[in-house]
1. Taking the alpha-carbon distance from Lys37 and a cut-off under 19 Å, which aspartates and glutamates remain once sequence neighbours fewer than 8 residues away in the same chain are dropped?
2. By how many degrees, between 0 and 90 and to the nearest 10, does the Cα long axis of helix 63-82 differ from the longest principal axis of the chain?
3. Assuming 0.36 nm per residue, please report the length gained on full extension of the stretch Ser65 to Glu18 beyond their Cα-Cα distance.
4. Helix 41-56 versus the longest principal axis of the chain: what angle, 0 to 90°, nearest 10, using Cα atoms?
5. Ser124 versus Leu112, label points 7 Å from Cα toward the beta carbon: distance in nm?
6. Go through the range 60-142 and name the trypsin sites (Lys or Arg not before Pro) that are in a DSSP coil and have 12 or fewer other Cβ atoms within 10 Å of their Cβ.
7. With a cut-off of at most 13 other beta carbons within 10 Å, and DSSP calling the residue loop, which chymotrypsin sites (Phe, Trp or Tyr not before Pro) in the range 27-81 qualify? Please list them.
8. If r is the Cβ-Cβ distance from Leu82 to Arg46 and R0 is 22 Å, what FRET efficiency results, to the nearest 0.05?
Amino acid sequence: MSSSTKTDGGGSVDAKAEEVVRTVMLPTYKMEPDLNKRFNVENVRRIATSTLQRHLKGVKYTDDSAMEHSQRLSDDIKRSVLALDIPRYKVIVQVTIGERKDQAIHVASRCLWDASTDNYASASFQNEHLWAVATVFGMYTD
């Protein structure tokens, strides 16, 4: 069995040495999360509930502080949820705070998503001065 040779101006080169190795790269996107890396509603609800209680226990409602509290709570909840290691999820946190008087309130949200991968968790808190509702949306991005 003989191999062919080519000249390269400076001598002979074995043809097998010139074989080109081609690497095929497959796409890295995933259409679904791994089963153990999904948005876990119970864990997220637990985080939101404990964060609301920790920050708002004993707090009195004022118009000026409500916005500051809701922003800080949203940031803290989001940071804690992202630490759960749920890759490829976009996490959106919405916190609503209001003064507690003799009234009823309903808080509702809508979101367009894939019901097989996306989910949400909600938690609420109230004391004698205020009420708060935190909603955390987890949307899978491919």
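1. In chain and number order, the partners are Asp85, Asp114, Asp118, Asp142.
2. On a 0 to 90 degree scale, this one is about 40.
3. Details: separation 47, 0.36 × 47 = 16.92 nm, distance 7.18 nm.
Additional length available on full extension: 9.7 nm.
4. Between helix and principal axis, roughly 50 degrees.
5. Roughly 2.9 nm, to one decimal.
6. Details: sites: Lys60, Arg72, Lys78, Arg79, Arg88, Lys90, Arg100, Lys101, Arg110; in loops: Lys60, Arg88, Arg100, Lys101, Arg110.
In loop regions of the range 60-142 (DSSP not H, G, I, E or B), the sparsely surrounded trypsin sites (Lys or Arg not before Pro) are Lys60, Lys101, Arg110.
7. When the chymotrypsin sites (Phe, Trp or Tyr not before Pro) of the range 27-81 are filtered for loop state and at most 13 Cβ neighbours within 10 Å, Tyr29 remain.
8. Values: r = 15 Å, r/R0 = 0.69.
Given R0 = 22 Å and the Cβ-Cβ separation, E is 0.90.
Values in this text are rule-based calculations from the coordinates and carry no lab data. Every value quoted in this text rests on a predicted model; they were computed, and no experiment measured them. We place every Cβ from the backbone using ideal geometry, glycine too, and count neighbours over all the protein chains shown.
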